[in-house]
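Accompanying notes for the structure given below.
The values are calculated or read from the model by the stated rules, or taken from the named source; none is laboratory data. This is a predicted model, so every value here is computed, not measured. When we count neighbours, we look across all protein chains shown, and the Cβ atoms used for this are built from the backbone with ideal geometry, even at glycine. Surface areas here come from the heavy atoms of the whole protein model, side chains and all, with no ligands, DNA or RNA. Shrake-Rupley method; radii C 1.70, N 1.55, O 1.52, S 1.80 Å.
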Amino acid sequence: TDEIMQQEIRPLVAVDIIEQLHRQFAILSGGRGKDGAPIITFPEFAGFSDIPDEDFLNVVTYLTSIPSLEAASIGFIIIIDRRRDKWSAVKASLTRIAGAFPGNLQLVFVLRPSRFIQRTIADIGIKLYRDDFKMKVPIIMLNSVTDLHGYIDKSQLTRELGGTLEYGHSQWIHHRTAIENFAMTVKTTAQMLQTFGTDLAETELPNDVQCTEELLSAHTDHHSKLKDELKLAVKQGATLLTCIREPVTRSANSKLSPDELENVATVERLLAQLDETEKAFDQFWTKHHLKLEQCLQLRHFEHDFREVKLILDNLMEAQAGFADIGDSVTRVEHLLREQKQLEEKGQEPLEKAQSLALHGEQLIQNNHYAVDSIRPKCVELRRICDDFTNETKKKYDILGKSLELHKQLDKASQWCEAGIYLLASQAVDKCQSQEGAETALVEIEKFLVTAKEHQLSNPKEFYNQFEMILTPEIQANAQRILQKLEDVQEMFDKRQVSLKKLAAKQTRPVQPVAPHPESSPKRASPKITRPA
């Protein structure tokens, strides 16, 4: 039903009745009456009465559809040229026109048969049969074209009617078909653009880079082809406009007929419509293309985000695995080297993450449609970068404290060992003399001067300084060394007391004892009285 209705609604075009038009039994020369009424001429045509009713109706309907609505509303002027025919032909023409003319009639001019007998019969016939023609407009019988010129200016009549209006039927048909073809091209192009625009509007954006690139490429190619179609259509219209204006461009004295001027206006209107359609399409395409490009940017951003985040998550996991703070200087130094390697390994991913976050912020500044998707990812990237950096600094701080702790413990332990060795190296027999005791005391005092450099701080300060890294093992080791320090210090204290006593004894005055008379004249050796 829809197809039938469309066929009924679709107006006639020249190509549909091209053969009937070429028979030239009715023409629209382009001339106008004094009030602007369009003129349709029925030239002499021998087989007029043999024309099928459908062909006649189609041609007349088509001709009356060409002038503008404004001109058609004035009413058509019909000129029937039957100068070489008989009254019967005049009667048949009037009857057919009266019964089938689809337009608004204003006047009917009849160039009666030129032969005397037929003219007389025509005069009588028109009086007798006027009412039979059922025409509500005047029918004016004319003897010659000179009489016609009294009603219509010669410039609006063709040469066949004694006028000066240039008219070529083949060219007229060519122009009509060209204009209608161009109108159909404009309509088809507009429909193609509308269909493509609808497809674009209904297109779902892909979720991956490859599909988005393929869609962007396909839409861009289709857009380029449609733009080429538009260019061809514009070129077609411009060429047609040049052809219609050709008489004026060829001769300055030539003027276009009102119908030709209407043809020019029609083509210009179609060109303007085409231009508006192209502008609207370009505007829509710009928005769609931008959205596709932004979609591709988003898919690239999401792809890069997933890759970078996976690397950063692995880095964070590896960093979380560095829980060991070391149990010796060697171990801590090894852990510091590993931490340095991890930091260097993370340098490139961190730079990529920062760069990607910056790129995401640029997309947001450029009014990307997916701001709500991009911004959280930028925040996430910066958070992970900050977490890795802060955690790295924290690891360095902890390992630095651990290294300092173990170095202090090692120094303290080494000091204890050196102190024990010093005490052990002081021979007891040498310390019995004053000189030996004083020498040993000096050695001890010199060694004790280094205690501040090698010993640990007092226990309270020590625990406050290293509380954050004191594991049970490290605490036990520290307590052991602290106890060892205390023991060594006590050993030094005892040794100092002993040596000081020995040195003090050697400095007491010795009382001389007189020799007994019976003793030998030899000098007796002095004796040192030892206290109990």
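In the chain, the DSSP-assigned H stretches of four residues or longer account for a calculated mean residue ellipticity at 222 nm of -23500 deg cm²/dmol, using -39500 (n - 2.57) per stretch and the full residue count as denominator.
Longest exposed-loop-site-free stretch of the chain, with trypsin sites (Lys or Arg not before Pro), DSSP loop and at most 11 other Cβ within 10 Å? The answer is 137-521. In nm, give the distance between the simple-model label positions of Asp35 and Lys227, each being 7 Å from the Cα along the Cα-to-Cβ direction. The two pseudo-label positions are separated by 5.3 nm.
Take the Cα of Met192, step 7 Å toward its Cβ, do the same at Ala424, and the gap between the two points is 10.4 nm.
Tell me, what is the FRET efficiency for Thr471 and Cys211 to the nearest 0.05, using R0 = 45 angstrom and their Cβ-Cβ distance as r? It comes to 0.25. Both numbers refer to the Cα atoms of the stretch 407-502; Rg and Dmax are 15.7, 52 Å. Please find the FRET efficiency linking Arg480 to Glu380, where r is the Cβ-Cβ separation and R0 is fixed at 30 Å, and quote it to the nearest 0.05. Computed FRET efficiency for Arg480 and Glu380 comes out at 0.05. Taking the Cα centre of the chain as origin and assigning +1 to Lys and Arg Cβ atoms and -1 to Asp and Glu Cβ atoms, the resulting dipole is close to 1400 debye. Loop-located GluC sites (Glu not before Pro) in the stretch 193-231 (DSSP state not H, G, I, E or B) with no more than 10 neighbouring Cβ atoms inside 10 Å: Glu204. Excluding ligands, DNA and RNA, the accessible surface per residue across the chain is 60 Å² with a 1.4 Å probe. When the charge dipole of the chain is built from unit charges on Cβ atoms (+1 for Lys and Arg, -1 for Asp and Glu) and taken about the Cα centre, the candidate among Pro138, Leu358, Pro113 whose Cα reaches farthest toward its positive end is Leu358.
Got a number for carbon plus sulfur as a percent of the stretch 304-404's accessible area, 1.4 Å probe? The nonpolar share, carbon plus sulfur, comes to 50 percent. Using the Cβ-Cβ distance between Asp324 and Lys345 with R0 set to 22 Å, the FRET efficiency from 1/(1 + (r/R0)^6) comes to roughly 0.75. Treating the Cα atoms of the stretch 220-272 as identical point scatterers in vacuum, please give the log10 of the normalised Debye intensity I(q)/I(0) at q = 0.16, 0.19 Å⁻¹, two decimals. Scattering profile of the stretch 220-272, log10 relative to I(0): -0.55, -0.68.
Here the simple spin-label model places points 7 Å from the Cα toward Cβ, and for Asp55 and Glu417 these points are separated by 12.9 nm. Expressed per residue, the C-alpha convex hull volume of the chain stands at 254 Å³. Our estimate of slack between Glu445 and Glu404, defined as 0.36 nm per intervening residue step minus the Cα-Cα distance, is 12.0 nm.
Treating each Cα of the stretch 304-404 as an identical point scatterer and ignoring solvent, apply the Debye formula and state log10 I(q)/I(0) at q = 0.23, 0.24 Å⁻¹. These q points yield log10 I(q)/I(0) values of -1.10, -1.16. Taking the alpha-carbon centroid of each part, what is the distance from the stretch 272-335 to the stretch 425-500 in angstrom? So the separation of the two Cα centres works out to 62 Å.
Rounded to the nearest whole angstrom, the semi-axes of the ellipsoid equivalent to the stretch 278-330, taken from the Cα gyration tensor as √(5λ), stand at 52, 7, 5, largest first.
Convex hull of alpha carbon positions in the stretch 137-258: directionally averaged projected area 12.7 nm².
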